[in-house]
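A short write-up of the structure that comes next.
The values are calculated or read from the model by the stated rules, or taken from the named source; none is laboratory data. None of these values were measured; they are calculated from a predicted model. Here the Cβ positions follow ideal geometry from the backbone for every residue, glycine too, while neighbour counts run over all protein chains shown. We work out accessible area using only protein heavy atoms, side chains counted, and drop any ligands, DNA or RNA first. Shrake-Rupley method; radii C 1.70, N 1.55, O 1.52, S 1.80 Å.
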Amino acid sequence: MSNNNNADNPRSKLIIASNNAGKIREFRELLSPFGFEVMSMRDAGYNEEIAEDGETFEENAHIKARAVYEALKLPTIADDSGLEIDFLNGAPGVYSARYAGENATDEERCAKVLEEMHGAAKALRDARFVCAIYFIFDEENEYSVSGEVRGYIGDEPIGKNGFGYDPIFMLGENESMATIDEAEKNKISHRAKAFEQLSLILKEKFS
Ligand code: IMP
């Protein structure tokens, strides 16, 4: 694999295969030391719906990155994330976003999980958040990284911070992913860990 040095082309465009403003902001922050001009796929002129029909987070991240890269022929990063629960054989998994239907709220998704976990002993409630990131730089250089954080599913939602399944994802007694503040979450989360992996690659290849 060649060692791409970005110094010759300090404002090379890099596309984030998402239109989620929060994600774009996080990636822009992460990528700021590397001299890329970071853009959402919409800003780069890509408006297609991408069918996320992979069986794993890695596959979905790859599918998204590939679709956008093929259309724009520019370096592209995509991610996919969600919750896996042992007792539910890995569900909601890649269906995390639409687990209680397309238009369900976070509260409804959490309620559905709690209902399905009803009566399961604590020892059976282990869960993990997973984040996969796929980066296609060019035809020869592609990178896949992931991160996870382990916890267990509580008996009821606690905490008001975060989003999605955070209030039912317990880190310890009386502490969920929604009781810790954003700065703390950004140190320990699945996304933070995947970002760390990506940073290592970027430092090695692009600085
Ligand atoms: P996506 O990666 O944007 O497709 O998100 C998938 C879904 O996983 C989200 O809609 C959330 O329901 C869930 N999810 C992903 N990351 C988190 C997190 O950090 N906290 C809580 N839920 C999450």
Nearest-0.05 FRET efficiency for THR105 and ALA21, computed from C-beta distance (R0 22 Å): 0.70
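Which FRET efficiency value, to the nearest 0.05, do you get for GLU156 and ILE188 by plugging their Cβ-Cβ distance into 1/(1 + (r/R0)^6) with R0 = 30 Å? It would help to have the intermediate numbers written out before the result.
Working: r = 22 Å, r/R0 = 0.74.
According to the calculation, E is roughly 0.85.
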If one computes the Cα centroid of region 157-196 and of region 48-111, what distance in Å separates the two points? 19 Å
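Pairs LYS13/LYS187; LYS73/LYS160; LYS64/LYS187; LYS23/LYS205; LYS160/LYS193: which exceed 32 Å Cα-Cα? Before the final figure, lay out the partial values.
Working: LYS13/LYS187 28 Å; LYS73/LYS160 41 Å; LYS64/LYS187 26 Å; LYS23/LYS205 23 Å; LYS160/LYS193 23 Å.
Beyond 32 Å between Cα atoms: LYS73/LYS160.
Rounding to the nearest 20 debye, state how big the charge dipole of the chain is about its Cα centre with +1 on each Lys and Arg Cβ and -1 on each Asp and Glu Cβ.
Details: 23 positive and 39 negative charges, 115 e Å.
Once rounded to the nearest 20, the dipole reads 560 debye.
With a 1.4 Å probe and all protein chains left in place, how much of the accessible area of the chain comes from carbon and sulfur atoms, in whole percent? Walk me through the intermediate numbers first.
Working: 4970 of 10910 Å².
Carbon-and-sulfur percentage of accessible area, whole number: 46.
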For region 1-110, what is the convex hull (Cα atoms) projected area averaged across all directions, in square nanometres? 8.8 nm²
Multiply the residue separation of GLU70 and ARG11 by 0.36 nm, subtract the distance between their alpha-carbon atoms, and state the gained length in nm to one decimal. 19.2 nm
Calculate the spin-label point distance for ASN89 paired with THR56, positioning each point 7 Å from the Cα along the beta-carbon direction, and give it in nanometres. 1.9 nm
Counting only heavy atoms of the protein chains, get the accessible area per residue of region 53-130 (1.4 Å probe) and round it to a whole Å² value. 50 Å²
No solvent, one uniform scatterer per C-alpha: report log10 I(q)/I(0) for the chain via the Debye equation at q = 0.09, 0.16 1/Å, two decimals. -0.37, -1.04
For LYS122, list the aspartates and glutamates whose Cα falls under 13 Å from its own Cα; do not include residues on the same chain fewer than 8 positions away. ASP86, ASP155, GLU156, GLU173
